[in-house]
Amino acid sequence: MTEQKDQRILPVKIEEELKTSFLDYSMTVIMARALPDVRDGLKPSQRRILVAMNDLSLAPNRGYRKCAKIAGDTSGNYHPHGEAIVYPTLVHMAQNFRMRYPLVDGQGNFGSIDGYPPAAMRYTEARMSWAATELLGDLDKDTVDYMGNYDDTQKEPMVLPSKFPNLICNGSMGIAVGMATKIPPHNICEVAAGLKLLIDNPDTDIPELVEHIKAPDFPTGGVIYGMSGVQQAYRTGRGIVHVRARAEVETLKNGRENIVVTEIPFLVNKSTLLEKIADLVRDKTIEGLSNIRDESGRKGMRIVFEIKRDAQAEVVLNQLYQHSMLQSTYGVMMLAIVKGRPELLNLKEMLQHYIDHRHEVVLRRTRYDLDKAEARAHVLAGLRFALDHIDWVINTIRSSASPEEAKQRLMEGASLEVADFSGVSGEEGLVLSEVQAQAILSMPLQRLTGLERDKIDGEFDQLQRMITDLSDILDNRGRQMQIIKDELDEMVERFGDERRTELVYAAEEFDIEDLIAEEDMVVTISHEGYIKRMSPRAYRVQHRGGRGVTGMKTKEEDFVQHLFVASTHSYLMFLTSKGKCYWLKVYRIPEGERAARGRPLVNLLQIDQDDQICAIVSLREFNDEQYLFTATRRGIVKKTVLSAYQNIRRDGIIALKIQEDDDLIGAAIIEEDQDITLITRSGRSMRFNEEEVRQMGRVSTGVKGIGLREDDEVVDMVVVGSSDSQLLTICENGYGKRTGQDEYPRKHRGGMGVIDIKTTDRNGPVVACKEVLGDDEVMIVTQDGVLIRTEVGGISTVGRNTQGVRVINLGEGDRVIDMTRVPKSEEESEVDEAAAAESENVVDNGSDESTGGAQTPP
């Protein structure tokens, strides 16, 4: 006995056994669990559930049955796994947020998009949906092959006929061993159009198919953001699809804004999404949200994000897209079982496999119907023969000793006297076939009436026409394809609906600017090179003659040298004393408090130690229609097309050539036919048209713009933008004035110009000059770091050759070093003086971008 037992034990190497067993396990998982069949789009568990429901006659127009019964029958008859495995699959097929066209009509709690689990299967009920019946249709007409179930006690279909194109319409997801599938759902209207196109023209390429099947259509809607991933998936079977939530900004009556989300990306859990967003707000990854509410109900999804009063809704929405699952990726992997093997399919291949399957189903169904029709016609032919020879039939039956003898005598035509008669049996030597003879014996006497004879003749003629038609279908491939197309039209008529997922073709990757609010900033740079940006709200509006507020804590030897207003999305071009140029986005400048020193500029730009910033220009883009106009302390001007500066290296590029005894004092963006005014330290001005200066390259020196006396120098440059504007000039001792532009005549460049302001001992030399309008404001900075924001309207408008009025009160030993214009936007309201008196930080909101440059003081 022991020897016999030892003979049944075979020694094997464990590594070989593990390899073989693992491969067997892998193939079982791939073929029998995780991957769908390309023909009906179903995994074995899904197919068996539908077959079990079909056995229970759970049609859409019939009553519901307990899911426990369905799961039990599926597990007991077809699927050799526990009911706890079958029920989740049943639930999945009933969830309208997981299936584009649900295959199960569930009654009860089948889970939710919030991730709540379904009720136990003893509480829920289900039946098939109409889409499922189209998968099972014609199953009884020998349209598919069958195989034995797990214990070989029943037969189950290996695939369903699938009049409804389930795989591409509902998609599929599954993880096997070493491979996975993730096929997105699509719209039946688009799929049918693509299938019909491929049927009509088998040489159709994928771009032509994409004209009809544009992109996936998810059950939860949303927005597909960008089509490159979709097109790649359709070409190769793999791709990444970016899906966004559908959101819009609502403006309330009080002016506040809310972001309202009505659809979220496919497969995103709503509750988890909101929890993650709350964490992002708590961690300050997302700023600008004051509250999150989930107002979803029977009417649909509605998630409300309340925006803080000072936040921009579009920026907050972009932050939500960037950091949360409001924008997610769907990794497409169109893997399916094809002829018993897993294959990665492109769009055309997937559609073609479905067409081939439907073609086979149509052929097998037609053959089945033809066989049935021919068999019935054969019986009717026998009945017609019997009615034509009724007396002989009756005599033959009466004279026979038994039914078997009667059948045999009828078949042989015993004692039948009909000349040249070959019978209707279709068999040589027999008048009637066995089937026909049996039908005659089973025929009731009532069929001997004339009315019954007419019915038999009518049915026979109809069957003959049907046989002719079915035979023609089998012989005509064109008719076979037309049947497939007609059935697709039926599916569209029955299940067609509007696309739920919106498509955005011209999508772009997130830019950091999408996540940063666009707002005006006051940018200051100190003499020792400390830079920072602040909101204009940090400075209160004061009337002419105010003392200002502290703007920066500087060292005793340091002071604010440049001050200007620019948008966070603007470029800043930095031009140095050596004639080099750098640029930097405003949002990359660290934001600081009003009294903070800022960050050393050398940490942001690679400027040489012996070089320093001489002029700064703010601009939105580099183009060929505008020019960079520069002016030096010795009156040399130059004009260069703006696009010449866009490819700036980290270590800068040459902007202009500067003589050893000269310095750059200003730069500005100009357009054609604009006037430029140069203002000197001694109070003289020169206005000339830009056409007086020819366009030059970056590395050129320039031409003479104004003639200077030996002790004079240029301190500022103004680009004339409006004939209604004025020139606001301010001197070192805080005095200044406004003068209309029409008082400054246009002259040829190179002359001495005209008087702008008297530089008396009271005024001191000119420090800065800006073009302003009556409702503008200006920001003035002193050497001690004091800044004042004052309304231009409070400064007198006088002629050129005057001294002006006091603009700012200076402390002892202090002096004005710079001034910049702050244009007032139309939306700004007047500043409440009482509120301004209570807090230094209250100012009116917003200012347009300054296109002029900040200049070096004398």
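A short reminder: the numbers here are calculations on the coordinates, not readings from a lab. A quick note: this is a predicted structure, and the numbers were derived from the prediction, not measured. Note: ideal-geometry Cβ built from the backbone for every residue, glycine included; neighbour counts use all protein chains shown.
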What FRET efficiency comes out for the pair ARG453/GLU405, r = Cβ-Cβ distance, R0 = 35 Å, nearest 0.05?
0.85
Among trypsin sites (Lys or Arg not before Pro) in the stretch 596-688, those in a DSSP loop whose Cβ has at most 10 other Cβ atoms within 10 Å are ARG649, ARG650
May I ask which of LYS638/LYS704; LYS43/LYS270; LYS141/LYS407; LYS155/LYS485 have a Cα-Cα span longer than 20 Å here?
LYS43/LYS270; LYS141/LYS407; LYS155/LYS485
Vicinal HN-Hα couplings computed from phi for the stretch 566-579 (Karplus, 6.51 cos²θ - 1.76 cosθ + 1.60; Hz; Gly/Pro x):
8, 6, 4, 8, 7, 8, 10, 9, 9, 10, 9, 5, 8, x
Centroid-to-centroid separation of the stretch 656-679 and the stretch 261-290 [C-alpha atoms, Å]
51
How big is the Cα convex hull of the stretch 115-271 in projection, averaged over all directions, in nm²?
15.9
Taking every DSSP bridge whose two residues both lie in the chain, the antiparallel percent to the nearest 5 is 95
Per residue Cα convex hull volume for the stretch 353-494, in cubic angstrom?
156
Can you tell me which lysines have their Cα less than 18 Å from the Cα of LYS737? Leave out same-chain residues fewer than eight positions away.
LYS758, LYS770
Using alpha carbon positions and the Kirkwood radius, the Rg to Rh ratio of the chain is 1.25
With labels modelled as points extended 7 Å from the Cα through the Cβ direction, what inter-label distance (nm, one decimal) is found for LEU10 paired with TYR116?
5.6
Using a cut-off of under 20 Å, list every residue of the stretch 633-665 whose amide N is near the label point 7 Å from the Cα of ASN689 along the Cα-to-beta-carbon line.
637-641
Between ALA278 and GLU502, what is the FRET efficiency for a Förster distance of 30 Å, r being their Cβ-Cβ separation, to the nearest 0.05?
0.65
May I ask you to derive the relative contact order of the chain, considering only C-alpha pairs under 8 Å and at least 6 residues apart, and to give it as an integer percent?
9
What spacing in nm lies between the two simple spin-label points modelled at GLU248 and ASP356, each 7 Å away from Cα in the Cβ direction?
4.7
So what's the back-of-envelope 222 nm ellipticity for the chain, counting only DSSP H runs of four-plus at -39500 (n - 2.57) apiece and dividing by all residues, rounded to 500?
-9000 deg cm²/dmol
For HIS323 and LEU344 in the same chain, what is the full-extension length gain: residue separation times 0.36 nm, less their Cα-Cα distance, in nm?
4.4 nm
Which of LYS66/LYS163; LYS580/LYS639; LYS182/LYS214; LYS182/LYS348; LYS532/LYS585; LYS276/LYS532 exceed 22 Å between C-alpha atoms? The answer is LYS66/LYS163; LYS276/LYS532
By the mean-Cβ-within-10 Å protection proxy, highest first, 294-305, 386-397, 68-79 rank as 68-79, 386-397, 294-305
For the stretch 30-106 and the stretch 483-497, what is the separation of their Cα centres, given in Å?
24
At most 11 other Cβ atoms within 10 Å and a DSSP loop assignment: could you name the trypsin sites (Lys or Arg not before Pro) in the stretch 322-391 that fit?
LYS339
Based on the mean of other Cβ atoms within 10 Å per residue, sort peptides 239-246, 94-101 so the most packed one is first.
239-246, 94-101
More than 18 Å apart - percent of Cα-Cα pairs taken over the stretch 246-325
35
Could you work out Rg/(2.2 N^0.38 Å) for the stretch 42-161, with Rg from alpha carbons only?
1.01
Using +1 at the C-beta of Lys and Arg and -1 at the C-beta of Asp and Glu, which of PRO207, TYR234, GLY178 has the Cα lying farthest in the positive direction of the dipole of the stretch 162-282?
GLY178
Treating only the Cβ of Lys, Arg, Asp and Glu as charged (+1, +1, -1, -1), what charge dipole size does the chain show about its Cα centre? Round to the nearest 20 debye.
1520
With the label point 7 Å along the Cα-to-beta-carbon line of GLN464 and a cut-off under 15 Å to each amide N, the hits in the stretch 379-398 are 379-385
